[in-house]
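Visitor: What follows is a structure written as structure tokens; I'll ask about it next.
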Amino acid sequence: MLTITEKIPIITFTYEGRMTMDDANQYISKLEELITQKEPFAILAIAHEDNSKNREKGVNSTIGKWIKYNKPQLTKFCFGYATVTTSTVFALYKPMTKLIGTKMMGCPCDVFVSVEEAIAWLEQQKSHVYATLQ
């Protein structure tokens with residue numbers, strides 16, 4: 001199940017359990033809406049478990065294709081993608097996950113074990129973006 005919470009410019013996606021195609025479509029719809037607004041935004045993704053493998057068939061492909069097609073817009077408007085997870089695998093491979101995520105998404109990505117750390121990082125990313133806009 002996916003829950004979306006907005007505290008502009010940070011949009012939070014919270015994942016609980018198995019990710020379905022409906023969840024993927026909600027995720028994509030929200031990102032399309034954000035890109036259409038043509039304003040800087042950030043994503044806070046909270047996964048209470050490693051849901052990268054616990055997904056309905058086709059979810060990864062659908063999201064991956066959308067991200068690949070829309071990477072130029074994500075690069076332009078997304079100033080950070082912070083993932084918070086309790087998964088020891090993500091925490092263990094943080095440097096690799098950070099590098100791959102940044103390359104895939106086209107915006108700075110990082111992995112955290114607490115929401116507070118992730119928000120602090122996103123706020124720091126935001127301050128860099130808004131400083132260059134002025």
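Visitor: If you take the square roots of the eigenvalues of the alpha-carbon gyration tensor of segment 26-87 and sort them as a ≥ b ≥ c, do you get rounded (a/c under 1.5), prolate (a/b over b/c) or oblate?
Guide: Details: a/c = 2.37, a/b = 1.42, b/c = 1.67.
The shape class here is oblate.
Visitor: Sticking with this structure for a sec: According to the Cα gyration tensor, what semi-axes, each the square root of 5 times an eigenvalue, does the equivalent ellipsoid of the chain have, listed from largest to smallest in whole Å?
Guide: Computed over the chain, the values are 22, 18, 14 Å.
Visitor: Counting each DSSP H run of 4 or more residues in the chain as -39500 (n - 2.57), what helix-only mean residue ellipticity at 222 nm follows after dividing by all residues, to the nearest 500 deg cm²/dmol?
Guide: The helix contribution divided over the chain gives -17500 deg cm²/dmol.
Visitor: From zero outward in steps of 10 Å, how is the percent of C-alpha pairs of segment 10-49 spread across the bins?
Guide: Reading the bins upward from 0: 27, 54, 18, 1.
Each reported figure results from applying straightforward, stated rules to the coordinates on display, with no laboratory input. None of these values were measured; they are calculated from a predicted model.
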